[in-house]
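*Asks:* Input: one structure, supplied below.
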Amino acid sequence: MATGADERPERRRNWQEVLVTVLLVVAALGTSWSSYQATRWNGEQAKAAGRANAIRIDAARAQGQSQSQSQVDVATFIAWADADRRGEAAVADFYAARFRAEFRPAFNAWIATRPTTNPGAPPTPFAMPQYQLASRDQAERLDAAAASSTAKVLRDLQVSSNYVLTVVLYAIVLFFAGMSTKITNRRLRWILAGIGCLVLVTALAWIATFPVSVDI
């Protein structure tokens, strides 16, 4: 029959085995969860990258439209200015009637500054604050949206990398927990198990700060 002195080391060993079992189970589950989340966030990153590319295409299209409209405005204004300089009022009115709707407010405001007699007047209607292009504003909004989407790509990529790093931490836990079962020295077994616990708690505390992506 085992005495009380003999039972204490056996009891300690049993507790150590329970601790190691818990470490192995939690680390295995954590590895599965982190691997799943890393895959999910890689998918989120890919979707965000696709959205960013689509937005950039729309921004480029809007920018091209803005440039084309500006070229039309410049061409018709130059034609008007040449006709006005030559005193061909009918021709000047012909071109003025064909100004684009977005250009006309800037042109009228510019004319109101009496540019031919006022040295302080803006050189052209294009310097007037009234000259606004909806396509240019749209391009700027899309550029900002593309930048935001690109930032999300980087954030999602970082989250995925963090989850992968936790898999490494869980592997360290599995290593120390497994090694503790191979060591005969009781104190060393507890030290290895303790290190495994410390790494596991650190990993769990860190992963608690991560966002979660779940798709059912």
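*Asks:* Considering only residues that are closer than 20 Å to Gln71 by Cα and out of contact with any helix residue (DSSP H, G or I) (no Cβ under 6 Å at 6 or more places or on another chain), look in region 81-97 and name the one that is surrounded by the fewest Cβ atoms within 10 Å (Cβ to Cβ).
*Replies:* Ranking the qualifying residues of region 81-97, first place goes to Ala97.
*Asks:* Identify the single condition in (1) open to solvent by less than 60 Å² (accessible area, probe 1.4 Å); (2) assigned to a helix (DSSP H, G or I) that Leu154 does not satisfy, given that it satisfies every other one.
*Replies:* Checking Leu154 against (1) open to solvent by less than 60 Å² (accessible area, probe 1.4 Å); (2) assigned to a helix (DSSP H, G or I), the one that fails is (1).
*Asks:* Do you know which of the residues in region 162-216 that are in a helix (DSSP H, G or I) and of a type in the set (Ser, Thr, Tyr) is surrounded by the fewest Cβ atoms within 10 Å (Cβ to Cβ)?
*Replies:* Thr202
*Asks:* Quick check on region 125-142. Is at least one of its residues part of a helix (DSSP H, G or I), open to solvent by less than 50 Å² (accessible area, probe 1.4 Å), over 30 Å from Ala54 (Cα atoms) and modelled with pLDDT of 90 or more?
*Replies:* yes
*Asks:* What number goes with the only condition from (1) assigned to a helix (DSSP H, G or I); (2) acidic (Asp, Glu); (3) within 38 Å of the chain's Cα centre (by Cα) that Asp82 does not pass?
*Replies:* Among (1) assigned to a helix (DSSP H, G or I); (2) acidic (Asp, Glu); (3) within 38 Å of the chain's Cα centre (by Cα), the lone unmet condition for Asp82 is (3).
*Asks:* Cβ contacts < 9 Å: first residue over 19 Å from Phe107 (Cα atoms), restricted to region 127-147; second residue assigned to a helix (DSSP H, G or I) and of a type in the set (Ser, Thr, Tyr), any location; separation 6+ or different chain. Result?
*Replies:* Correct list of pairs: Asp137/Ser66; Gln138/Ser66; Ala139/Ser66.
*Asks:* In addition: Here is a list: Thr184, Thr166. Which entry is in contact with a helix residue (DSSP H, G or I) (Cβ under 6 Å, 6 or more places away or on another chain) and hydroxyl-bearing (Ser, Thr, Tyr)?
*Replies:* When all the criteria are applied, what remains is Thr166.
*Asks:* Let me ask you something else. Could you tell me which numbered condition Glu17 fails, if it satisfies all but one of (1) open to solvent by 70 Å² or more (accessible area, probe 1.4 Å); (2) among the acidic types (Asp, Glu); (3) within 26 Å of the chain's Cα centre (by Cα)?
*Replies:* (3)
*Asks:* On the basis of being without any contact (Cβ under 8 Å) to a residue 12 or more places away in the chain and open to solvent by less than 80 Å² (accessible area, probe 1.4 Å), does Gly120 make the cut?
*Replies:* So Gly120 fits the description; yes.
*Asks:* Do we find that Ala121 is in a helix (DSSP H, G or I) and among the small types (Gly, Ala, Ser) in this structure?
*Replies:* no
*Asks:* When residues of region 98-117 are filtered for being open to solvent by 60 Å² or more (accessible area, probe 1.4 Å) and in contact (Cβ under 8 Å) with a residue 24 or more places away in the chain, how many remain?
*Replies:* 1
The values are calculated or read from the model by the stated rules, or taken from the named source; none is laboratory data. It should be emphasised that the depicted structure is a prediction, and the values quoted were computed from it without experimental measurement. Note that each Cβ is placed from the backbone with ideal geometry, even for glycine, and that neighbours are counted across all protein chains shown. What goes into the accessible areas is simple: the full protein's heavy atoms, side chains included, and nothing from ligands, DNA or RNA. Shrake-Rupley method; radii C 1.70, N 1.55, O 1.52, S 1.80 Å.
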